[in-house]
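The values are calculated or read from the model by the stated rules, or taken from the named source; none is laboratory data. Quantities reported herein were computed from a predicted structural model and do not represent experimental measurements. Please note: Cβ atoms are built from the backbone with ideal geometry, for glycine as well, and neighbour counts cover all protein chains shown. Areas reflect the complete protein model, heavy atoms only, side chains present, ligands, DNA and RNA absent. Shrake-Rupley method; radii C 1.70, N 1.55, O 1.52, S 1.80 Å.
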Amino acid sequence: MFTALLVIIYVSFISLGLPDSLLGSAWPAIQKSLEAPLPFAGVISMIVSCGTVISSLMSTRVIRRFGTGRVTLVSVAMTAFALLGFSFAPQVGWLCLLAVPLGLGAGSVDAGLNNFVALHYQAKHMSWLHCFWGIGATAGPIVMAFWIDRNNNWHAGYRTIGLLQVALVAVLLFSLPLWKKVSSPQEEAGEEAVVALPLRQVFRLPKAKGALLGFFCYTAVEVTANLWTSSYAVKGFGVSEDTAAGWSSLFFLGITIGRLLSGFVAIKLSSPTLIRVGQGIGLCGILLLFLPLPQWRIPLGLCLIGGGCAPIFPAMLHQTPQVFGKKFSQAMMGVQMACSYVGGMVIPPLFGFLADFFDVRILPAYLLLFLALMFLGTESILRGSRQSGKQ
């Protein structure tokens with residue numbers, strides 16, 4: 001029963017990753033087809049991000065009332081509806097409208113499934129769960145490229161991903177009894193009920209501020225590195241655009257392979273150790289960018305930064321019930337995910353303004369700053385916490 005449900009959760013995370021990288025890969029074709037302004041991709045992305053923040057903050061109350069299984073079903077249905085709507089959109093305004101259910105659905109799935117896995121499964125499964133997200137994020141542009149290569153048919157790309165989401169909705173519908181069977185023994189054992197906390201009370205929980213700082217800065221590092229390293233290579237060191245684009249894929253490759261491997265390492269190491277090891281590997285990647293070495297240091301550094309990021313996020317998520325208790329874990333999970341999304345939404349664009357004012361070669365220093373802040377946040381909750389064995 002637990003194995004069957006875990007497979008369904010893994011597949012759900014592939015579906016969560018599929019839309020995340022679609023807009024960027026499809027935007028040149030969409031812009032040409034719908035005669036949209038170039039910056040409008042950022043507007044659509046911001047709407048999606050706002051939706052994920054809102055749904056993450058609401059996830060505790062919604063899941064408490066309807067359960068993780070039902071919320072996941074409805075959320076994936078919302079993303080399926082939005083993606084199919086994208087495929088039929090006649091103008092860019094429709095894309096903005098459909099970005100609302102796309103963001104709301106993604107945030108609920110993310111917060112709900114992360115907490116469910118943290119409560120019911122071992123740390124290795126959290127790493128593998130986010131490895132499956134990487135598979136989806138990598139596969140989305142491949143599907144889109146296949147259709148764009150055929151008469152610029154980005155509509156069919158979105159339709160294909162949307163239909164895959166519809167198939168997942170059917171699977172989730174038939175799997176609803178499994179969620180109840182997994183949850184019922186927990187309830188019969190008299191475990192603490194999930195508590196929905198107002199945002200101000202979440203911030204008052206011991207160690208909450210450090211945890212939220214850690215999540216904010218983690219996503220700031222991840223998204224900034226992914227978004228700006230190509231520009232760093234091209235504008236800072238004269239690397240060709242096609243070469244830099246190829247190098248940028250190494251970041252997601254590092255994350256995906258790193259999370260696959262960290263799932264095995266999590267069998268032996270605790271979550272705090274995984275977080276520290278990941279931060280150390282990421283630090284090595286950033287410091288490599290500072291060194292006066294040939295251009296190969298850029299793809300190698302990017303791969304190390306991605307590999308360093310790999311274990312940090314899943315380990316921070318998995319230790320949430322241990323740090324804050326099962327009673328408050330869903331409330332914390334929702335706010336943690338919201339802070340994560342805000343970090344990815346605010347900090348990377350800020351670097352763009354700073355790079356334009358100063359120089360794009362400040363990227364390593366910028367990444368180092370937020371890695372240091374992340375370390376301060378995570379250490380504030382790891383030190384003084386009782387770590388008995390693996391978490």
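Treating each Cα of the range 288-335 as an identical point scatterer and summing with the Debye formula, the log10 of I(q)/I(0) at q = 0.16 Å⁻¹ comes to -0.58.
Helices that extend 27 Å or more along their long axis by alpha-carbon positions and average at least -0.5 on the Kyte-Doolittle scale are, among the DSSP H runs of the chain, 40-66, 68-88, 92-120, 123-148, 154-188, 208-237, 241-265, 271-290, 297-318, 326-357, 363-382. In the chain, Cα pairs under 8 Å separated by at least six residues give a relative contact order of 25 percent. Looking at the range 227-312, the trypsin sites (Lys or Arg not before Pro) that sit in a DSSP loop and have at most 12 other Cβ atoms within 10 Å of their own Cβ are K268. Shape analysis of the range 58-101 based on the Cα gyration tensor places the equivalent ellipsoid semi-axes at 27, 11, 4 Å, largest first.
For the range 62-140, averaging the sequence separation of C-alpha pairs within contact (under 8 Å, six or more residues apart) and dividing by the residue count gives a relative contact order of 32 percent.
What residue among F203, V223, L288 has its Cα farthest toward the positive end of the dipole of the chain, where the charges are +1 on Lys, Arg and -1 on Asp, Glu, each on the Cβ? The residue sitting farthest along the positive end of the dipole is F203.
If the chain linking F358 and I257 were pulled fully straight, counting 0.36 nm for each residue of separation and taking away their Cα-Cα distance, it would gain 32.9 nm. Dividing the helix sum by the residues of the chain, where each DSSP H run of 4 or more adds -39500 (n - 2.57), gives a mean residue ellipticity at 222 nm of -29000 deg cm²/dmol. Any chance you could tell me what percent of the C-alpha pair distances in the range 249-315 go past 13 Å? Of all Cα-Cα distances in the range 249-315, 58 percent exceed 13 Å.
Per-residue surface analysis assigns C303 an accessible area of about 50 Å², computed on protein heavy atoms at 1.4 Å probe radius. As an exercise, use a Förster radius of 56 Å and the Cβ-Cβ distance of S33 and F264 to find the FRET efficiency, rounded to the nearest 0.05. With R0 = 56 Å, the Cβ-Cβ based efficiency is 0.80. The alpha carbons of the range 101-186 give a radius of gyration and a Dmax of 16.1, 54 Å, in that order. The Stokes-Einstein estimate for the chain, based on a Kirkwood radius over Cα pairs and taken at 20 °C with 1.002 mPa s viscosity, is a diffusion coefficient of 101 µm²/s. Only protein heavy atoms count here; under a 1.4 Å probe, L104 has an accessible surface of about 50 Å². Equivalent ellipsoid of the range 282-391: semi-axes from √(5λ) of the C-alpha gyration tensor, largest first, are 31, 18, 11 Å.
Among the chymotrypsin sites (Phe, Trp or Tyr not before Pro) in the range 239-323, those placed in a DSSP loop whose Cβ has at most 13 other Cβ atoms within 10 Å are W296.
Coordinate range of the alpha-carbon atoms in the range 18-97 per principal axis, descending: 44, 20, 19 Å.
Its residues counted as N, the range 202-314 yields a C-alpha radius of gyration over 2.2 N^0.38 Å of 1.16.
Which links in K209/K235; K180/K268; K180/K207; K209/K326; K207/K326 stretch past 25 Å when you go from one Cα to the other? Flagged as over cut-off: K209/K235; K180/K268; K180/K207. Highest mean packing first, where packing is the average number of other Cβ atoms within 10 Å per residue, the peptides 162-172, 364-374 line up as 364-374, 162-172.
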